[in-house]
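J.: My structure is below; once you've seen it, I'll send some questions.
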Amino acid sequence: MRFLLSLLPLLLLLHSLPYSAAAPKHNPHNNPTNSSHLVRSSCSHASYPNLCIHSLSTYAGPANTPRDLAQAAVTVSLSRARRISSYLAQLSNSDQGTKRERSALSACIDLMSESVDELTRTLDELKHLHAETFRFQMSNAQTWVSAALTDDDTCLDGFEELDVKVKADMKRKVTNAARVTSNALYLINRLDESRGRPRSQP
């Protein structure tokens, strides 16, 4: 009995606490439905809307704001570029094909390496945006992603020098990467527009 009486003040204190302190607060930004709606509405006017929706819907990180989506799109694009660079390096190590084909492959490897560097710099810039330097940083991001897209297109042009079977596989991979990068550029432009300065679509 004495033990129960000693617990009484603690029980009264817990009972007096407001319910909101114990209950988890609802954050509308963490709602998967809201995130899905933002992805679909943001991708609706992208160059490749279905690919945009699919790549962002499967992204594991946050996708709750235009900045999140821009970062997610660049992250996906960077991942594709790195996989292609690895794939091209494996082809190069096989030491197959004519001298012209190996030369074209080598040029494509250099281009994809540049694309990886440009997308890496873009992602780092988007992760460290500041109000006072926002315009300058967005200009950097747009320039680098545009350059990465040009690298992809130039790499595609060089496929005409390659074996037909290899060319078809490489063309499919690089074309997909270029489309993802194009969508990333659109979402970066869209993020810039959200701060009041219109940009042309890629």
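Where a number appears in this text, it was derived from the coordinates with a stated rule and is not lab data. All values derive from a computational prediction rather than experimental measurement. Ideal geometry is used to build each Cβ from the backbone, glycine not excepted, and the neighbour counts take in all protein chains shown.
J.: Would a scan of segment 53-62 turn up a residue that is under 22 Å from ARG172 (Cβ atoms) and crowded, with 20+ Cβ neighbours inside 10 Å?
T.: Checked against the condition, which is being under 22 Å from ARG172 (Cβ atoms) and crowded, with 20+ Cβ neighbours inside 10 Å, segment 53-62 yields at least one hit.
J.: Does segment 148-164 hold any residues that are within 16 Å of ARG80 (Cβ to Cβ) and surrounded by 17 or more Cβ atoms within 10 Å (Cβ to Cβ), and which are they?
T.: ALA148, LEU149, ASP151, ASP152, CYS155, LEU156
J.: List the pairs whose first member sits in segment 63-77 and is charged (D, E, K, R), whose second member is in a helix (DSSP H, G or I), and whose Cβ atoms are under 9 Å apart, counting only residues at least 6 apart or on separate chains?
T.: Pairs found: ARG67/LEU126; ARG67/LEU191; ASP68/SER35; ASP68/LEU38.
Condition check ((1) within 25 Å of PRO49 (Cβ to Cβ); (2) touching a residue at least 24 places away in the same chain (Cβ under 8 Å)) across all residues:
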position	(1), (2)
LEU119	yes, yes
LEU126	yes, yes
SER139	no, no
TRP144	yes, yes
LEU162	no, yes
VAL174	yes, yes
ARG179	yes, yes
ASN183	yes, yes
ARG190	yes, yes
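J.: Of the conditions (1) within 17 Å of MET112 (Cβ to Cβ); (2) assigned to a loop (DSSP other than H, G, I, E, B); (3) of a type in the set (Ser, Thr, Tyr), SER77 satisfies every one except a single condition; which number is it?
T.: If we test SER77 against (1) within 17 Å of MET112 (Cβ to Cβ); (2) assigned to a loop (DSSP other than H, G, I, E, B); (3) of a type in the set (Ser, Thr, Tyr), just (2) comes out false.
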